[in-house]
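Working notes, structure below.
The values are calculated or read from the model by the stated rules, or taken from the named source; none is laboratory data. Not measured: the values here are computed from a predicted model. All Cβ positions, even for glycine, are placed from backbone atoms using ideal geometry, and neighbour counts span all protein chains on display.
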Ligand code: FES
Ligand code: MG
């Protein structure tokens, strides 16, 4: 392998010349107490740190960044911490998804505009993983991803509690009058006990695992619990490795091949992944220059069973159990028949090499292929006159009797209408009703909020109903469950067929057959379309306005059109 020489470093353009500009760049490094020995001729490694005082999932990043720096220094690099917007999933409104592309742009431009040669990307909470990786892909510098790691299991009265999933579950019990205020208060202090991301197979643990499957983390990194000392050592190792990756010029383009993304889709299916994985992987694959589409997910779903027995698709276990059972590398050994093991990872080695000696230590947590928890993959893609460009459902998390279902629609025009009506005692609804929420898509939401797990009407919760068919152009939390059909594309706000549904229309869903059908004659749909009012703009200035002008639909990954890799000529290196 040819290694770079220091004069080829990108940072050398700022620091090396004997000219007036470089005098300024060096003198201002001196101002901070650094000597030439600290950084001249060394790989300068940006650490993009998505820490904030509001991001509970990244609360340990203030310490962990020091471990990353230690690794970079040990390997002869120069660490530079560059903070980026911290998308705290629960705190950022109206939805963190509104800002995924903001983080992507920020990451790309931070890397492009500064004198850096490589990057360590620190993220984990839901949208931070795709945001950071999208940006690093477009910036093109050697980069390694440091996943925040899952938090410890929740605990309440000796029962294990899982992020999101158990909150939703017990909230329904509370609405049904089965949980006391005291119990509810105790759950509040028991469900999130340490730093780290949601420890169910939500979007965070899905996306960090997919970052690993693509090859952008150190092998084995994504399943290490945040509070485990192995996590600290992984951070230092990632710092060391980032320095080497610069010498080797191991750029994202060399790791993120089409086969790497196909491996990630396989892993997503086997893990019982979050539905959000579809949107993020589509965006990431497209940025990396690959024509991955919804059909690739559905094709994988028909081949690869769900073998990770992690909630919400699984029954019992959480990410901590997954780690003890062999973690990500254990899962990968089970998936060998479906994977292209010639692909390399950030380690510079192939998966075939990395999986040597990897084992599964608990066959109930990481099941053998012949004893899956669900015989097909985690996600199914449906199409029909209600979703011409597709929609997504997680059959493994739905009650089996709803997989084929026909029923009358009950339409909520937007989220405030849903909130206002869903718990009314006089709501005209039965367990057969198909709940429909619209104006919750990328433009209409705006930002496609996680409203897709429409609450079961209180009236039915009290009767013991816990799942119904629900359809929306929203997303849902990866920790959610139920027969929720999501990401309907095109969305209602731009005139997608969801906008035409009326309460009482019959909707037929056939998940095994992959169809979704609105049973209304075509001429009637045309009449309704002609009568549709023009949508009101969501934003008239600022970032939201820009978002509204450029956001793409769900089946395209919700990237901004102008960030697409094939949108115009490549951005050149800055003039210095
Ligand atoms: Fe951060 Fe779930 S809220 S990962
Ligand atoms: Mg989430």
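Can you find, within the range 412-432, the residue that is nearest to residue 557 (Cα to Cα) among those that are in contact with a helix residue (DSSP H, G or I) (Cβ under 9 Å, 6 or more places away or on another chain) and surrounded by 16 or more Cβ atoms within 10 Å (Cβ to Cβ)? Going through the qualifying residues, I end up with 412. The single condition from (1) out of contact with any helix residue (DSSP H, G or I) (no Cβ under 9 Å at 6 or more places or on another chain); (2) away from ligand 2 (no atom under 16 Å from the Cβ) that residue 51 fails is (1). If you go through the range 95-118 one residue at a time, do you hit one that is in a strand (DSSP E or B) and touching a helix residue (DSSP H, G or I) at 6+ places or on another chain (Cβ under 8 Å)? Within the range 95-118, one or more residues are in a strand (DSSP E or B) and touching a helix residue (DSSP H, G or I) at 6+ places or on another chain (Cβ under 8 Å). Scanning the range 185-202 for residues that are over 18 Å from residue 169 (Cα atoms) and either part of a helix (DSSP H, G or I) or within 9 Å of ligand 1 (Cβ to nearest atom) (or both) turns up 196, 197.
Report the residue count in the range 164-195 for those that are more than 23 Å from residue 60 (Cβ to Cβ) and away from ligand 2 (no atom under 16 Å from the Cβ). Looking only at that region, the number is 17. Screening the range 1-61 for helices (runs of 4 or more DSSP H) wholly inside it with 3 or more residues that are touching a residue at least 60 places away in the same chain (Cβ under 8 Å) returns the ranges 12-15. When you check residue 206 against the structure, is it under 23 Å from residue 331 (Cα atoms) and assigned to a helix (DSSP H, G or I), yes or no? So residue 206 passes the test. Could you check, for the range 322-330, whether at least one of its residues is more than 23 Å from residue 356 (Cα to Cα) and not assigned by the TED database to the domain that holds residue 397? Within the range 322-330, none of the residues are more than 23 Å from residue 356 (Cα to Cα) and not assigned by the TED database to the domain that holds residue 397. Just one residue in the set 173, 188 is over 22 Å from residue 53 (Cβ atoms) and outside the structural domain of residue 258 (by the TED database); that residue is 173.
Against the list (1) closer than 25 Å to residue 167 by Cα; (2) surrounded by fewer than 24 Cβ atoms within 10 Å (Cβ to Cβ); (3) more than 16 Å from ligand 2 (Cβ to nearest atom), the condition residue 223 fails is (2).
Among the residues of the range 40-52, is there at least one that is within 23 Å of the chain's Cα centre (by Cα) and closer than 30 Å to residue 416 by Cβ? Checking the range 40-52: at least one residue is within 23 Å of the chain's Cα centre (by Cα) and closer than 30 Å to residue 416 by Cβ. Out of 428, 432, 423, report the one residue that is within 31 Å of the chain's Cα centre (by Cα), under 17 Å from residue 465 (Cα atoms) and not in a strand (DSSP E or B). Exactly one of 428, 432, 423 is within 31 Å of the chain's Cα centre (by Cα), under 17 Å from residue 465 (Cα atoms) and not in a strand (DSSP E or B), namely 423. Check whether at least one residue in the range 82-105 is under 19 Å from residue 241 (Cβ atoms) and either crowded, with 22+ Cβ neighbours inside 10 Å or away from ligand 1 (no atom under 16 Å from the Cβ) (or both), and report yes or no. So far as the range 82-105 goes, yes, one or more of its residues are under 19 Å from residue 241 (Cβ atoms) and either crowded, with 22+ Cβ neighbours inside 10 Å or away from ligand 1 (no atom under 16 Å from the Cβ) (or both). Summed over the range 302-319, residues that are surrounded by fewer than 23 Cβ atoms within 10 Å (Cβ to Cβ) and within 18 Å of residue 478 (Cβ to Cβ) total 2. Taken over the range 120-148, the criterion of being more than 22 Å from residue 275 (Cβ to Cβ) and either in a strand (DSSP E or B) or within 14 Å of ligand 1 (Cβ to nearest atom) (or both) is satisfied by 120, 121, 122, 143, 144, 146. Per the conditions (1) in contact with a helix residue (DSSP H, G or I) (Cβ under 7 Å, 6 or more places away or on another chain); (2) in the same structural domain as residue 236 (by the TED database); (3) crowded, with 19+ Cβ neighbours inside 10 Å; (4) modelled with pLDDT of 95 or more, the sole criterion not satisfied by residue 348 is (3).
Of the residues 239, 314, 289, the single one that is part of a loop (DSSP other than H, G, I, E, B), touching a helix residue (DSSP H, G or I) at 6+ places or on another chain (Cβ under 9 Å) and on the phi < 0 side of the Ramachandran plot is 314.
The residues on offer are 9, 78, and the sole one that is more than 16 Å from ligand 2 (Cβ to nearest atom), crowded, with 20+ Cβ neighbours inside 10 Å, under 35 Å from the mean Cα position of the chain (by Cα) and not assigned by the TED database to the domain that holds residue 248 is 9.
Inspect the range 222-234 for any residue being within 19 Å of residue 328 (Cα to Cα), in the same structural domain as residue 68 (by the TED database) and under 17 Å from the mean Cα position of the chain (by Cα) and give the result as yes or no. Yes, the range 222-234 contains at least one residue that is within 19 Å of residue 328 (Cα to Cα), in the same structural domain as residue 68 (by the TED database) and under 17 Å from the mean Cα position of the chain (by Cα). Only one of the numbered conditions (1) buried (at least 20 other Cβ atoms within 10 Å of the Cβ); (2) in contact (Cβ under 8 Å) with a residue 40 or more places away in the chain; (3) within 19 Å of the chain's Cα centre (by Cα) is not met by residue 293, and that is (1).
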